[in-house]
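The values are calculated or read from the model by the stated rules, or taken from the named source; none is laboratory data. Computed from a prediction, not measured in an experiment: that's the story for all the values here. Please note: Cβ atoms are built from the backbone with ideal geometry, for glycine as well, and neighbour counts cover all protein chains shown.
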Amino acid sequence: MAYEIDIPSFRERLRHVINELGVTDQEFAAVGNVSKSTLSGYFSSERQPKAESLALWVAHYGIDANWLLLGEGEMKRGSEELSEFERTDPIAQRMRYAVRLMKEHGGSPEDIRTAITLALKGPEA
């Protein structure tokens, strides 16, 4: 069982994907061929982008369109392509979940590596 992050609204998923990708609003808007103010409008109202912008973001960043539009599946396309071990091993699942949470809360790559290394060493470390 994969851990999923429940982000209920489109605008929350859009904000989450920009943060997760580590790009600025300006960069993300440019890829979608919209202005930064138009992108800001998606966060402050129920407005949604045109299909062209969605297609550009999906293609450029590898975002899963079902996740972005409906909140179904994983944020990135191909993230479901895990080995049998990664799909079934509870420790591997928890590690992926921990990494995802640390990224979400601003953990640096070095902090994430350190945390995973310590977790793998166990309580004796």
- Message: Take residues that are at pLDDT below 85 and over 20 Å from the mean Cα position of the chain (by Cα) and tell me which of the helices (runs of 4 or more DSSP H) falling wholly in the range 13-125 contain 2 or more.
- Response: 84-88, 90-104, 109-121
- Residue check, L39 against (1) crowded, with 18+ Cβ neighbours inside 10 Å; (2) out of contact with any Asp or Glu (no Cβ under 6 Å at 6 or more places or on another chain), all met but one. Which one? (2)
